[in-house]
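J.: Handing you this structure, nothing more for now.
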Amino acid sequence: MPMPPYSEEEFTRARKEMIREQLIARGIEDPQVLLAISKVPRHRFVPLRYRAKAYQDRALPIEKGQTISQPYIVAFMTQALGLRGGETVLEVGTGSGYQAAVLAQIAGQVYSIERYPELAEQARTLLQELGYTNIEIRVGDGSQGWPEQAPYDGIIVTAAAPEVPAPLVEQLKVGGRLVIPVGSRQEQVLYRLRKTEDGVQTERMIGCVFVPLIGTCGWQEEGDPE
Ligand code: SAM
């Protein structure tokens, strides 16, 4: 990108280029996902000091030592949910609110849960400002899901879990999908689970690196006794 300050046109151009070079070139092909990403101003979700990097092929730091995921991973996980429109989706790990906005372009209703009140509040304010009316954000331990709004057509976990939290599988509809990174604190594999009448089908997708899911069905806070 040229030098700051950037115009909205420059950000829009950078976003188009990102879609072409980072998503389509790597096999993201669901037209609804590509359209959703084209509509969400990612630069608004990153801290001001990183705005020039908003459309780069990388995760970026946000407050509270957390991250906004790499655009490709957001696209990949959204595509893996297989949304067609109108679904009820749960996101665990609101962070900046960017993934929630992408989901809300396709789904009917998005519920998103975040453990840091400050991040939840910032995301809520921004999403409201951008005109989203189908996203509800709550503060809490998302490793327990959000049982009051269950069951869900899709659940997406954007933090790394040591294993698949049982409450999330319980809160999925039959036919629903759960996309979640599972592994160590350092690196994980992205899994897709499909709930069927007879149980759960599990599919390994790609390697990934996420910040940890901290909670009763996740990791303990760093420094806590294991
Ligand atoms: N989806 C986010 C976005 O679009 O910006 C990125 C999420 S960031 C990689 C992971 C988020 O999960 C962090 O904001 C972190 O605070 C949150 N988190 C970690 N453990 C959690 C838990 N048990 N419940 C809810 N949120 C959690």
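J.: Hey, can you tell me all the residues within the range 71-94 that are among the hydroxyl-bearing types (S, T, Y) and farther than 15 Å from S112 by Cα?
T.: Of everything in the range 71-94, just one residue is among the hydroxyl-bearing types (S, T, Y) and farther than 15 Å from S112 by Cα, namely Y72.
J.: Evaluate the range 57-78: report whether one residue or more is farther than 23 Å from W219 by Cβ, buried (at least 19 other Cβ atoms within 10 Å of the Cβ) and away from the ligand (no atom under 14 Å from the Cβ).
T.: No, that holds for no residue.
J.: A further question on this structure: Can you tell me which residues in the range 128-151 are within 16 Å of the chain's Cα centre (by Cα) and away from the ligand (no atom under 15 Å from the Cβ)?
T.: Once the filter is applied, which keeps residues that are within 16 Å of the chain's Cα centre (by Cα) and away from the ligand (no atom under 15 Å from the Cβ), the range 128-151 yields only N134.
J.: What about E87, is it in contact (Cβ under 8 Å) with a residue 60 or more places away in the chain, among the acidic types (D, E) and over 21 Å from A160 (Cβ atoms)?
T.: yes
J.: Of all residues in the range 22-33, which are assigned to a helix (DSSP H, G or I), of a type outside the set (A, V, I, L, M) and either in contact with a Leu (Cβ under 8 Å, 6 or more places away or on another chain) or in contact (Cβ under 8 Å) with a residue 24 or more places away in the chain (or both)?
T.: Q22, R26, Q32
J.: Now for a different question. Considering only residues of the range 90-108 that are closer than 16 Å to G176 by Cα and out of contact with any Phe, Trp or Tyr (no Cβ under 6 Å at 6 or more places or on another chain), which is farthest from the ligand (Cβ to nearest atom)?
T.: Only one residue fits best here, namely G108.
J.: Something else: Let me spell it out: the conditions are (1) over 28 Å from G142 (Cα atoms); (2) among the polar types (S, T, N, Q); (3) under 14 Å from the mean Cα position of the chain (by Cα), and T94 meets all of them except one. Which number is the exception?
T.: It is condition (1) that T94 fails.
J.: Hey, can you tell me all the residues within the range 97-122 that are β-branched (V, I, T), farther than 17 Å from S143 by Cβ and without any contact (Cβ under 8 Å) to a residue 60 or more places away in the chain?
T.: V110
J.: Among the residues in the range 22-39, are any within 13 Å of the ligand (Cβ to nearest atom), surrounded by fewer than 17 Cβ atoms within 10 Å (Cβ to Cβ) and farther than 26 Å from L178 by Cβ?
T.: Within the range 22-39, not a single residue is within 13 Å of the ligand (Cβ to nearest atom), surrounded by fewer than 17 Cβ atoms within 10 Å (Cβ to Cβ) and farther than 26 Å from L178 by Cβ.
J.: Among the residues that make up the range 39-49, is at least one of them touching a residue at least 40 places away in the same chain (Cβ under 8 Å), among the hydrophobic types (A, V, I, L, M, F, W, C) and over 30 Å from V169 (Cβ atoms)?
T.: For the range 39-49, residues touching a residue at least 40 places away in the same chain (Cβ under 8 Å), among the hydrophobic types (A, V, I, L, M, F, W, C) and over 30 Å from V169 (Cβ atoms): present.
J.: So in the range 109-127, with the set limited to residues that are within 24 Å of L35 (Cα to Cα) and part of a helix (DSSP H, G or I), which one is nearest to the ligand (Cβ to nearest atom)?
T.: A123
J.: Need pairs with beta-carbon distance below 9 Å; first residue assigned to a helix (DSSP H, G or I) and within the range 158-170, second among the charged types (D, E, K, R); sequence gap 6+ or separate chains.
T.: V169/K195
J.: If we keep just the residues of the range 184-218 that are touching a residue at least 12 places away in the same chain (Cβ under 8 Å) and charged (D, E, K, R), which is farthest from F76 (Cα to Cα)?
T.: That would be E197.
J.: Among the residues of the range 192-226, write down those that are under 15 Å from the mean Cα position of the chain (by Cα) and within 16 Å of the ligand (Cβ to nearest atom).
T.: Listed by number, the residues that qualify are C208, V209, F210, V211, P212, L213.
Just so you know, all these numbers are worked out from the coordinates, no wet-lab data involved. Fair warning: this is a prediction, and the values are worked out from it, not measured in the lab. Quick reminder, even Gly has a Cβ in these numbers, built from the backbone with ideal geometry, and neighbours come from all protein chains shown.
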